[in-house]
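Everything on this sheet refers to the single structure shown next.
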Amino acid sequence: MKKRKTVQRESAVTRVVSYVFIGLSLIIALVPLIWLFISSLKEDPLARPGFQLPESICIDGYISTFRDLHVMRYFGNSMLIAGVSVIISVLMISMSAYVVARLDFKGKKLINAMLYSTMFIPATALTYPVYNLINRLGIYNTRGALILIYACSGIAISFFVIKNYYDNIPRDLEDAARIDGCGYVQTWWHVIAPIAKPGIMTAGVLAFLTNWNEYYWASLVIIDRTKLTVPALLSTFTTSFRTNYNGLFSAMVVIILPPILLYCIFSKYFIEALSGGAVKG
Amino acid sequence: MKSLSWRKRGFILAFLAPTLICFFVFYLYPIVTVFLTSFCKWDFSNITSPQFFGIKEMWTNYKYILQTYPFFWEGLRNSVIWSLLGLFLQIPIATIFALAFSRKMKGVKIARNIFIIPNMISTAAMGMIFLQLYSPLYGVVNPVIRIFKKDFTENILLLKGPAFWALTFAYIFFTGTTTLMILGNIMAVPEEVREAAMLDGASGFKQDLYITIPMIKGTLKMVSILAATSGFLLYNEVFFLTKGAAGTYSISYIIRELAITSPKTQFGRANTVAVIQILAGMLIILLVNFIYRERKQKKRYNEVGEGA
């Protein structure tokens with residue numbers, strides 16, 4: 001991506017309005033999180049509700065959270081399940097999207113239409129058949145079940161994003177590679193896939209976030225507490241912390257901390273990936 | 001056209017196979033099942049063998065869902081509203097933020113990075129956080145309301161009307177990933193185009209409105225489809241915030257309730273709702289396609305703006 005040479009001069013009005021929205025974006029993103037953190041330090045949130053500051057800092061909730069909750073285990077489950085399923089699905093889709101984008105064959109239009117149609121087939125509509133399938137495969141209550149479900153869902157979006165990217169790559173590159181004696185697989189792996197990497201990464205990050213957020217299936221196919229993903233664990237909080245609000249808040253802070261830390265470390269790559277390589281992190 | 005060589009054939013087949021297998025197993029087979037069993041009696045009493053109602057009675061489940069089931073219309077109405085809010089509120093918000101982040105000004109980069117954090121910590125966690133914010137006991141919202149209405153002690157998530165909006169506001173402004181995808185496309189607009197616009201006297205908002213937005217139409221369409229679909233399928237927020245109380249059922253939540261939560265495990269009826277959900281989903285995609293349909297005089301811009 002080339003650097004911009006001329007520095008744009010924004011007018012004063014444009015600058016002020018832009019700053020208003022930037023300020024607004026910070027408020028939206030930070031207020032809930034800051035409030036959560038402040039509340040987690042209150043010994044009794046009931047006594048000092050809302051935005052009142054705690055009278056003294058209480059970290060009992062944090063101590064018990066680290067002792068009893070094993071946050072890293074659930075975080076690990078989520079990472080493993082979301083990560084593996086994304087690798088499978090993105091690899092699968094970047095292969096098929098390449099064939100559909102570049103080669104001519106009978107039934108291409110049909111395949112295109114079929115894959116796009118999955119976009120508006122909601123996962124919730126498939127609850128029972130898929131549930132049944134998982135049972136018949138004998139993988140109910142395993143992480144493998146979720147990996148399978150996540151790898152197979154969201155095909156359409158990844159397909160859409162990746163094929164869009166292939167379409168913008170000039171065909172000359174392939175012709176050159178073919179003349180140099182590369183086979184189809186080699187051409188794809190060594191020439192086209194590296195160029196399409198930004199598009200593939202965008203699809204991967206989108207899919208990862210979807211899987212990371214996914215609660216519906218996670219709550220259906222996994223029962224063992226030790227195998228739960230983070231969203232499924234969160235759903236148990238309201239009952240397990242019934243009136244221990246200090247504990248509840250501390251546990252919530254601890255559960256959102258690993259993704260935030262991970263994001264802070266990798267935000268550069270993440271932002272580049274999600275913006276198709278156009279925004280530098 | 002020459003006939004395909006066996007190598008090419010093999011390559012095509014091998015590269016398509018995994019996706020196709022996944023499509024057949026995960027989409028086609030379930031959809032056929034959903035469709036067929038929506039005409040069957042299928043609940044706790046005959047869990048292993050769905051039973052066709054017969055030609056005369058085949059619409060029994062549909063009749064029950066449309067006429068008797070108390071939450072269907074509420075759920076459908078809410079899901080449609082959430083879908084439209086995705087299109088007409090969330091996408092404009094995301095675009096405005098993306099335009100603000102595209103300016104070359106101090107602090108933009110940090111703000112942009114921070115704005116994405118809520119999207120990192122999962123919608124379930126954000127739902128839980130908002131559940132606490134709305135708590136009448138220790139939340140933030142009730143003290144604010146009390147400034148205007150002195151003796152307000154109720155839980156707004158249990159008030160019909162406010163509950164719907166409280167739930168909506170718990171997710172609709174967190175557009176980080178969408179904003180970033182739009183921003184990526186804005187940054188990919190060739191500099192020459194902007195410079196030409198500047199020479200023509202279009203700068204700031206004028207440039208955004210007449211040059212930038214038409215050029216990123218491809219991306220806007222894609223994120224609009226995503227926002228409209230996810231609004232229509234809203235589930236996590238309903239589960240974590242209200243569990244359908246005070247008029248906040250969504251269509252996804254109804255399916256789960258009928259099939260899994262209900263003691264009668266009404267699979268047939270759940271699949272009836274699923275068929276309606278699939279059909280409505282198709283209508284939504286058609287609507288988005290209609291909104292972003294090609295208009296002739298603007299075509300030139302779209303071709304340039306397909307990048308990213």
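The values are calculated or read from the model by the stated rules, or taken from the named source; none is laboratory data. For clarity, every value in this text was computed on a predicted model and none was experimentally measured. A quick note on method: Cβ atoms are made from the backbone with ideal geometry, for glycine too, and the neighbour counts reach across all protein chains shown.
Only one of B:LEU167, B:LEU99 is under 17 Å from A:ILE22 (Cα atoms), modelled with pLDDT of 90 or more and either under 28 Å from the mean Cα position of the chain (by Cα) or within 11 Å of another protein chain (Cβ to nearest Cβ) (or both). Can you tell me which? Working first, answer last.
Numbers: B:LEU167 fails: under 17 Å from A:ILE22 (Cα atoms).
Only one candidate passes the filter, namely B:LEU99.
Of A:MET95, A:MET79, which residue is touching a Phe, Trp or Tyr at 6+ places or on another chain (Cβ under 9 Å) and facing chain B (nearest Cβ under 10 Å)?
Numbers: A:MET79 fails: facing chain B (nearest Cβ under 10 Å).
Checking each option against the conditions leaves just A:MET95.
Does A:ALA196 count as at the interface with chain B (Cβ under 9 Å from one of its Cβ atoms) and either touching a Phe, Trp or Tyr at 6+ places or on another chain (Cβ under 7 Å) or on the phi > 0 side of the Ramachandran plot (or both)? Walk me through how you get there before you give the answer.
On the way: at the interface with chain B (Cβ under 9 Å from one of its Cβ atoms): no; either touching a Phe, Trp or Tyr at 6+ places or on another chain (Cβ under 7 Å) or on the phi > 0 side of the Ramachandran plot (or both): yes.
Considered against the rule, which asks whether it is at the interface with chain B (Cβ under 9 Å from one of its Cβ atoms) and either touching a Phe, Trp or Tyr at 6+ places or on another chain (Cβ under 7 Å) or on the phi > 0 side of the Ramachandran plot (or both), A:ALA196 comes out as no.
Checking the conditions here, which among A:ALA82, A:ALA101 is closer than 30 Å to A:LYS197 by Cα and within 25 Å of the chain's Cα centre (by Cα)?
Values: A:ALA101 fails: within 25 Å of the chain's Cα centre (by Cα).
Going through A:ALA82, A:ALA101 in turn, the sole match is A:ALA82.
With the checklist (1) in a loop (DSSP other than H, G, I, E, B); (2) exposed (fewer than 14 other Cβ atoms within 10 Å of the Cβ); (3) within 11 Å of chain B (Cβ to nearest Cβ) in hand, flag the one item A:GLY23 doesn't pass.
With respect to (1) in a loop (DSSP other than H, G, I, E, B); (2) exposed (fewer than 14 other Cβ atoms within 10 Å of the Cβ); (3) within 11 Å of chain B (Cβ to nearest Cβ), A:GLY23 is out only on (1).
Check off (1) touching an Asp or Glu at 6+ places or on another chain (Cβ under 7 Å); (2) free of Cβ contacts under 8 Å to residues at least 12 places away in the same chain for A:ASN246 and give me the number that stays unchecked.
The number of the failed condition is (2).
How about the stretch B:57-77: which of its residues are over 17 Å from B:GLY231 (Cα atoms), among the aliphatic types (A, V, I, L, M) and touching a helix residue (DSSP H, G or I) at 6+ places or on another chain (Cβ under 7 Å)?
Correct list: B:ILE65, B:LEU66.
How many residues are surrounded by 21 or more Cβ atoms within 10 Å (Cβ to Cβ), within 26 Å of B:PHE97 (Cα to Cα) and of a type outside the set (Ser, Thr, Tyr) if we restrict to the stretch B:134-171?
Number of matching residues: 3.
Could you tell me whether the stretch B:85-96 includes any residue that is under 30 Å from B:PHE174 (Cα atoms), surrounded by 13 or more Cβ atoms within 10 Å (Cβ to Cβ), out of contact with any strand residue (DSSP E or B) (no Cβ under 7 Å at 6 or more places or on another chain) and of a type in the set (Gly, Ala, Ser)? Walk me through how you get there before you give the answer.
From the stretch B:85-96, those under 30 Å from B:PHE174 (Cα atoms) are B:85-96; that's our starting set.
Now restrict to residues that are surrounded by 13 or more Cβ atoms within 10 Å (Cβ to Cβ): B:85-91, B:93-96.
Filter once more, so that each one left must be out of contact with any strand residue (DSSP E or B) (no Cβ under 7 Å at 6 or more places or on another chain): B:85-91, B:93-96.
Subset that is of a type in the set (Gly, Ala, Ser): B:86, B:94.
Scanning the stretch B:85-96, I find at least one residue that is under 30 Å from B:PHE174 (Cα atoms), surrounded by 13 or more Cβ atoms within 10 Å (Cβ to Cβ), out of contact with any strand residue (DSSP E or B) (no Cβ under 7 Å at 6 or more places or on another chain) and of a type in the set (Gly, Ala, Ser), so the answer is yes.
Taking the stretch A:235-256 on its own, how many of its residues are outside any loop (DSSP other than H, G, I, E, B) and either in contact with a strand residue (DSSP E or B) (Cβ under 9 Å, 6 or more places away or on another chain) or more than 9 Å from every other protein chain (Cβ to nearest Cβ) (or both)?
Narrowing the stretch A:235-256 to residues outside any loop (DSSP other than H, G, I, E, B): A:237-240, A:245-256.
Checking which are either in contact with a strand residue (DSSP E or B) (Cβ under 9 Å, 6 or more places away or on another chain) or more than 9 Å from every other protein chain (Cβ to nearest Cβ) (or both) leaves us with A:239-240, A:246-247, A:250-251, A:253-254.
Within the stretch A:235-256, residues that are outside any loop (DSSP other than H, G, I, E, B) and either in contact with a strand residue (DSSP E or B) (Cβ under 9 Å, 6 or more places away or on another chain) or more than 9 Å from every other protein chain (Cβ to nearest Cβ) (or both) number 8.
Of the residues A:ILE200, A:ILE265, which single one is free of Cβ contacts under 8 Å to residues at least 40 places away in the same chain, part of a helix (DSSP H, G or I) and β-branched (Val, Ile, Thr)? Give the steps one after another, and end with the answer.
Details: A:ILE200 fails: free of Cβ contacts under 8 Å to residues at least 40 places away in the same chain.
Being free of Cβ contacts under 8 Å to residues at least 40 places away in the same chain, part of a helix (DSSP H, G or I) and β-branched (Val, Ile, Thr) holds for just one of A:ILE200, A:ILE265, which is A:ILE265.
Quick one: which of A:ALA151, A:ALA176 is within 21 Å of the chain's Cα centre (by Cα) and of a type outside the set (S, T, N, Q)? If you could, list the steps in order and put the result at the bottom.
Details: A:ALA176 fails: within 21 Å of the chain's Cα centre (by Cα).
Among A:ALA151, A:ALA176, only A:ALA151 is within 21 Å of the chain's Cα centre (by Cα) and of a type outside the set (S, T, N, Q).
Inside the stretch A:38-53, can you point out the residues that are within 29 Å of B:ASN113 (Cα to Cα) and crowded, with 16+ Cβ neighbours inside 10 Å? Walk me through it before giving the result.
Keep residues of the stretch A:38-53 that are within 29 Å of B:ASN113 (Cα to Cα), which gives A:38-42, A:50-53.
Once the filter is applied, which keeps residues that are within 29 Å of B:ASN113 (Cα to Cα) and crowded, with 16+ Cβ neighbours inside 10 Å, the stretch A:38-53 yields A:ILE38, A:SER39, A:SER40, A:LEU41, A:LYS42, A:GLY50.
Give the stretch A:237-281 a look and list any residue that's touching a Pro at 6+ places or on another chain (Cβ under 6 Å) and aromatic (Phe, Trp, Tyr), or say none. Show your work before the answer.
Taking the stretch A:237-281 as the starting set, the residues that turn out to be touching a Pro at 6+ places or on another chain (Cβ under 6 Å) are A:245, A:276-277.
Passing the criteria: only A:TYR245.
In the stretch A:1-8, is there at least one residue being within 28 Å of the chain's Cα centre (by Cα), within 12 Å of chain B (Cβ to nearest Cβ), more than 30 Å from A:TRP217 (Cβ to Cβ) and not small (Gly, Ala, Ser)?
Taking the stretch A:1-8 as the starting set, the residues that turn out to be within 28 Å of the chain's Cα centre (by Cα) are A:1.
Then keep just the ones that are within 12 Å of chain B (Cβ to nearest Cβ); that gives A:1.
Okay, now just the ones that are also more than 30 Å from A:TRP217 (Cβ to Cβ), so A:1.
Subset that is not small (Gly, Ala, Ser): A:1.
Yes, the stretch A:1-8 has at least one match.
Take the conditions assigned to a loop (DSSP other than H, G, I, E, B), of a type in the set (A, V, I, L, M, F, W, C) and facing chain B (nearest Cβ under 9 Å) and apply them to A:ALA278. Does it pass? Quick ask: steps written out before the conclusion?
Numbers: assigned to a loop (DSSP other than H, G, I, E, B): yes; of a type in the set (A, V, I, L, M, F, W, C): yes; facing chain B (nearest Cβ under 9 Å): yes.
Yes; evaluated as a whole, the condition is true for this residue.
Can you name every residue in the stretch B:22-55 that is under 26 Å from A:PHE105 (Cα atoms), more than 9 Å from chain A (Cβ to nearest Cβ) and of a type outside the set (Phe, Trp, Tyr)? Talk me through it step by step, then tell me what you get.
Within the stretch B:22-55, the first condition is being under 26 Å from A:PHE105 (Cα atoms), and the residues that meet it are B:22-29.
Subsequent filtering for residues that are more than 9 Å from chain A (Cβ to nearest Cβ) retains B:24.
Answer for the stretch B:22-55, where residues must be under 26 Å from A:PHE105 (Cα atoms), more than 9 Å from chain A (Cβ to nearest Cβ) and of a type outside the set (Phe, Trp, Tyr): there is none.
Which is in the same structural domain as A:LEU228 (by TED's automatic domain parsing) and either within 30 Å of B:PRO50 (Cα to Cα) or not in a helix (DSSP H, G or I) (or both), of A:ILE93, A:ILE81, A:ILE169?
Of A:ILE93, A:ILE81, A:ILE169, the one residue that is in the same structural domain as A:LEU228 (by TED's automatic domain parsing) and either within 30 Å of B:PRO50 (Cα to Cα) or not in a helix (DSSP H, G or I) (or both) is A:ILE169.
Filter the stretch A:55-69 down to residues that are touching a helix residue (DSSP H, G or I) at 6+ places or on another chain (Cβ under 9 Å), in a loop (DSSP other than H, G, I, E, B) and modelled with pLDDT under 80, then give me how many there are.
So the answer is 1.
Here is a yes/no grid of residues against (1) within 19 Å of the chain's Cα centre (by Cα); (2) among the aliphatic types (A, V, I, L, M); (3) under 22 Å from B:LEU234 (Cβ atoms); (4) not assigned by TED's automatic domain parsing to the domain that holds A:GLY76:
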position	(1), (2), (3), (4)
A:CYS182	no, no, no, no
A:LEU209	yes, yes, yes, no
A:GLU214	yes, no, yes, no
A:LEU234	yes, yes, yes, no
A:PHE237	no, no, yes, no
A:PRO259	yes, no, yes, no
A:ILE265	yes, yes, no, no
A:VAL279	yes, yes, no, yes
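Quick check on the stretch A:223-234: of everything there that is away from every other protein chain (no Cβ under 11 Å) and of a type in the set (A, V, I, L, M, F, W, C), which residue is surrounded by the fewest Cβ atoms within 10 Å (Cβ to Cβ)?
In the first step, residues of the stretch A:223-234 are kept if they are away from every other protein chain (no Cβ under 11 Å); the result is A:223-228.
From the residues that got through so far, the ones that are of a type in the set (A, V, I, L, M, F, W, C) too are A:223, A:228.
On the way: A:ILE223: 11, A:LEU228: 21.
Looking at residues that are away from every other protein chain (no Cβ under 11 Å) and of a type in the set (A, V, I, L, M, F, W, C), I get A:ILE223.
Filter the stretch B:25-44 down to the residues that are in contact (Cβ under 8 Å) with a residue 24 or more places away in the chain and surrounded by fewer than 18 Cβ atoms within 10 Å (Cβ to Cβ) and list them by number.
Passing the criteria: B:PHE35, B:PHE44.
In the set A:ILE149, A:ILE169, which member is of a type outside the set (Gly, Ala, Ser), within 12 Å of another protein chain (Cβ to nearest Cβ) and touching an Asp or Glu at 6+ places or on another chain (Cβ under 9 Å)? Walk me through it before giving the result.
Working: A:ILE169 fails: touching an Asp or Glu at 6+ places or on another chain (Cβ under 9 Å).
Criteria check complete, one pass: A:ILE149.
Of all residues in the stretch A:127-160, which are basic (Lys, Arg) and touching a residue at least 24 places away in the same chain (Cβ under 8 Å)?
The first filter runs over the stretch A:127-160 and keeps only residues basic (Lys, Arg), leaving A:136, A:143.
Correct list: A:ARG143 only.
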